[in-house]
Amino acid sequence: MLEDILAGKKSLFATGVHTELRAQENRQRRVGLVKGNIVGNDRVEVSGVSARVCKNGVYGFSSMAEYSASAAEAVLKAATENALFLDRHAPKNRPAVPSLGGGTIPLNQMIIDNEQKKYIDFCREIDDYIVKQYPNLTSRAVTYMENSMDKILYTSDGWDGHTITPRCHIYVTMNSETESGVPVELFEIFGGAGSFDDNFGNKEPIYEKLDELYRRVMDKRAGVYAEAGYKTVILGGYLSGMLAHEAVGHTVEADLVLGGSVAGPNLNKRVASELVTMTDFAHTVFGAPAPLPVYLDDEGTPAKDVVLIQDGILKGYMNNRETAVTYGMNPAGNARGWLFSDEPLIRMRNTAVLPGKDKLEEMISSVEDGYYLLNSKNGQADLTGEFMFGVDMGYEIKNGKLGRAILDTTVSGVAFDMLKTVDMVSDEMIWNTAGFCGKKQIMPVAMGGPALRCKIMVGGR
């Protein structure tokens, strides 16, 4: 864990400018097995210090891959000089960074760093279980991934804090093939926020989910191709979460709104049915810790929830301090940087569709001819809200009952059109806690949602 050597450097902050001084260490631990053979065994740590200074609306930035008192002083000096230089050459009358007052966010948790052997033994145990329990697999892979972000932040006008964001997951992939030789692959992710022991002290829930994963692989071996066309479907929570992040979330990041996203002209207009509410949660969801708790962003803004869609109406954007002034909104802690050397960008945190009141069983029984789509491992969307997601697990629905599994297919549409067709929302949420967003720099995110009954274009074979 980083030791705090920055507190004394606040006396070096220049007057008349906004200053952010940040130390950061990113840790990664990874073990990978394919067919029982170790193919990855990594321990990576990246640390350093950076400073960002704002003068009359322009920013100077500097970073150094060294965490020391002299490095902190050097980046402060360089960032201040950069900001003053840019201010002399930039247009005048730019909006100032809004004042936030001040305070301190206390350290939220500790990093527990185990020996690599513990992770290797864990992966071998899971792999041995798969070998003993599940025949008819052509291959298998088990990967343990742990990452943490340890940040110390001091600001001239904003909140200070020391925050740590650890999370760990195990990824299990099972491969088989149909009788005609078509490859079949499914994966499951286990884990979440916190340390190894927080997530994997009890292995029984993992074994139960592995049984379900294998059953679905076997269902898919006997699967059929979906029929292409505009269909009534039930999107499972993983897919509604991906929709929330990819197809809606990026369009309501204020920097992308400035870039021309579809959300710009739709603020305070209907973009979904009245059953749809979507929120970017900060650190708490329904009274429990969020999958990826964020308490303070890298501009010194305390994290708060942001309501994006309320009862079908587009209500807000995710902002940094600068865009909050532009749109007359309040910053809520969405500006984060991946590494010490990255300037903070507007990023999602825990973006989700909120649950409704319908039971999944009732939703399935209400569909005469459609599909129940469970999972996706890839997808893309653009700033118009148009999206295409790959679906790797789903079932037919015939006369209100689940039928055969389907082979890989796609779904596509325009988010603000498709969301208007939602007419049932389940009362249970599913979270994907292992996500990384790739907007210019990767960033840990979580996404989730309930099952949604809607109409969507299914790609078929």
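Taking +1 at the Cβ of each Lys and Arg and -1 at the Cβ of each Asp and Glu, which of Trp159, Gly48, Val248 sits farthest along the dipole of the chain towards its positive end, judged by Cα position relative to the Cα centre?
Value: Val248.
Modelling each spin label as a point 7 Å along the Cα-to-Cβ direction, I'd like the Ser68/Ile112 distance in nm, to one decimal.
3.4
If you place +1 on the Cβ of every Lys and Arg, -1 on the Cβ of every Asp and Glu, and leave all else neutral, what size is the dipole of the chain about its Cα centre, to the nearest 20 Debye?
With Lys and Arg at +1 and Asp and Glu at -1, about 640 debye.
Could the peptides 78-90, 137-149 be put in order, highest first, of the mean number of other beta-carbon atoms found within 10 Å of their residues?
Top of the packing list down: 137-149, 78-90.
How big is the gap, in Å, between the Cα center of the range 133-162 and the Cα center of the range 2-79?
Answer, in whole Å: 18.
For Gly316, enumerate residues with amide H under 5 Å from its amide H, sequence gap 5+ or separate chain, H modeled in the peptide plane.
Hits under the 5 Å cutoff: none.
Taking R0 as 41 Å, what's the FRET efficiency between Tyr327 and Tyr207 from their Cβ-Cβ distance, rounded to 0.05?
For Tyr327 and Tyr207, the calculated efficiency is 0.25.
How would you order 410-417, 218-225, 385-392 from highest to lowest mean count of nearby Cβ atoms within 10 Å?
Numbers: 410-417: 19.8, 218-225: 16.8, 385-392: 21.2.
Highest mean packing first, the order is 385-392, 410-417, 218-225.
When ranked by the protection proxy of mean other Cβ atoms within 10 Å per residue, highest first, what sequence do the peptides 436-444, 423-431 form?
423-431, 436-444
In nm, to one decimal, how far is the modelled label at Asp121 from the one at Leu383, with both set 7 Å along Cα→Cβ?
Placing both labels 7 Å along Cα→Cβ, they lie 5.2 nm apart.
Tell me, what ³J(HN,Hα) does each residue in the range 309-320 have, in order and in whole Hz, if you take phi through Karplus 6.51 cos²θ - 1.76 cosθ + 1.60 with θ = phi - 60° and put x for Gly and Pro?
So the J values, rounded to whole Hz, are 10, 10, 6, x, 9, 6, 10, x, 10, 8, 10, 9.
Which of the lysines could a cross-linker span from Lys398 if the Cα-Cα distance has to be under 30 Å and same-chain partners fewer than 8 positions apart are dropped?
Lys209, Lys220, Lys231, Lys357, Lys359, Lys377, Lys420, Lys455
Listed here are the pairs Lys55/Lys77; Lys315/Lys439; Lys9/Lys439; which of them are more than 21 Å apart at the Cα?
Those over the limit are Lys315/Lys439; Lys9/Lys439.
If you project the alpha carbons of the range 301-343 onto their three principal axes, what span does each projection cover, largest first, in Å?
Cα extents, longest axis first: 39, 19, 15 Å.
For the chain, build the charge dipole from Cβ charges (+1 Lys, Arg; -1 Asp, Glu) around the Cα centre, then report which of Ile309, Phe281, Leu292 sits farthest towards its positive end.
Comparing the listed Cα positions along the dipole, Ile309 ranks first.
Skip the ligands, DNA and RNA, and give the accessible area per residue of the chain with a 1.4 Å probe, whole Å².
Each residue of the chain exposes 41 Å² on average to a 1.4 Å probe.
At 1.4 Å probe size, with the rest of the protein present, what percent of the exposed accessible area of the chain is carbon and sulfur atoms?
50
Roughly what would the spin-label model give for Arg30 and Ala90, points 7 Å off Cα along C-beta, in nm?
Result for the modelled spin labels: 3.6 nm.
Quick one: ranking Glu185, Glu368 by accessible area, 1.4 Å probe, largest first, what do you get?
Working: Glu185 70, Glu368 115 Å².
Heavy-atom accessible area, descending, gives Glu368, Glu185.
Once Lys and Arg get +1 and Asp and Glu get -1 on their Cβ, which of Leu213, Asn399, Cys437 lies farthest toward the positive end of the dipole of the chain?
Cys437
Add -39500 (n - 2.57) for each DSSP H run of 4 or more in the chain, then divide by its residues: what number comes out at 222 nm, to the nearest 500 deg cm²/dmol? Mind dumping the intermediate values first?
Values: 9 runs with 90 residues, N = 461.
Estimated from H runs of four or more residues: -5500 deg cm²/dmol.
Mean separation of Cα pairs under 8 Å and 6+ residues apart, divided by the residue count of the chain: what relative contact order is that in percent?
Relative contact order here is 16 percent.
The values are calculated or read from the model by the stated rules, or taken from the named source; none is laboratory data. Remember, predicted model here, so these are calculated numbers, not experimental data. Heads up, the Cβs are rebuilt from the backbone with ideal geometry, glycines too, and the neighbour counts pull from every protein chain shown. Surface areas here come from the heavy atoms of the whole protein model, side chains and all, with no ligands, DNA or RNA. Shrake-Rupley method; radii C 1.70, N 1.55, O 1.52, S 1.80 Å.
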